[in-house]
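The values are calculated or read from the model by the stated rules, or taken from the named source; none is laboratory data. None of these values were measured; they are calculated from a predicted model. Ideal geometry is used to build each Cβ from the backbone, glycine not excepted, and the neighbour counts take in all protein chains shown. Keep in mind that these areas ignore ligands, DNA and RNA; they rest on the heavy atoms of the full protein, side chains included. Shrake-Rupley method; radii C 1.70, N 1.55, O 1.52, S 1.80 Å.
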Amino acid sequence: FWLSLIAAPPLAVLFFVAPIFFELVFGEEWREAGVYCQILVPMIFFQFITSPLSQMFIIAEKQKVDLYWQIFLFSITNIPLGIVAYTTENASLSLVVYSGAYSIAYIVNCLMSYKFSLNATGKTNAT
């Protein structure tokens, strides 16, 4: 929760001003890089809040699940990215697919880490 509060304001600003910022700081030829940055902001947000939780797989002794997770992550990001990049050769669309897939993967990772943290601390899920 706290990490999302820390990450949200600067990334929200970056999301809305990245193309203009890149153009002002680096010149007009860098505006497209600002658009690419804008596309990647959601992925960066979810990565920021989820990455510190990655050790929960080790703490909860779920290394086998982590292996499956890494295979899933590789598949969900690289296969669609490869298909889009190969068929359309559209860099922006490729980044949208990559950022979207990675965002979904990080959300899944965050939920798994949360579940493992409940079990690691001795709490049980009330269902």
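Spin-label point model (7 Å from Cα, Cβ direction): what's the I20 to L73 distance in nm?
Spacing of the two 7 Å Cα→Cβ label points: 3.5 nm.
State the three equivalent ellipsoid semi-axes of the chain, derived from the C-alpha gyration tensor as the square roots of 5 times its eigenvalues, in descending order and whole Å. Walk me through the intermediate numbers first.
Values: eigenvalues 212, 77, 17 Å².
For the chain, the ellipsoid semi-axes come out as 33, 20, 9 Å.
Place the peptides 88-96, 35-43 in order of packing, highest mean first, counting for every residue the other Cβ atoms within 10 Å and averaging per peptide.
On the way: 88-96: 14.6, 35-43: 18.8.
Highest to lowest by the protection proxy: 35-43, 88-96.
Starting from the Cα of Y114, step 7 Å along the direction of its Cβ; do the same at E89; then give the gap between the two resulting points in nm.
Here the modelled spin labels are 4.3 nm apart.
Can you show me the helix-derived [θ] at 222 nm for the chain, built from DSSP H runs with n ≥ 4 at -39,500 (n - 2.57) apiece and divided by the number of residues, rounded to the nearest 500. Don't skip to the answer; put the middle values down first.
On the way: 5 runs with 105 residues, N = 127.
After summing the helix terms and dividing by the residues of the chain, the value is -28500 deg cm²/dmol.
Only Lys, Arg, Asp and Glu count, each charged at its Cβ (+1, +1, -1, -1), so figure out the dipole size of the chain about its Cα centre, rounded to 20 debye.
Numbers: 5 positive and 7 negative charges, 142 e Å.
Approximately 680 debye in magnitude.
Have a look at P10, V84, L111 and report the one farthest towards the positive end of the charge dipole of the chain, computed about the Cα centre with Cβ charges (Lys/Arg +1, Asp/Glu -1).
Result: L111, furthest along the dipole toward the positive end.
Excluding ligands, DNA and RNA, what is the solvent-accessible area per residue of the chain at a probe of 1.4 Å, expressed in Å²? Could the numbers behind the result be given before it?
On the way: 8420 Å² over 127 residues.
Heavy-atom accessible area per residue stands at 66 Å².
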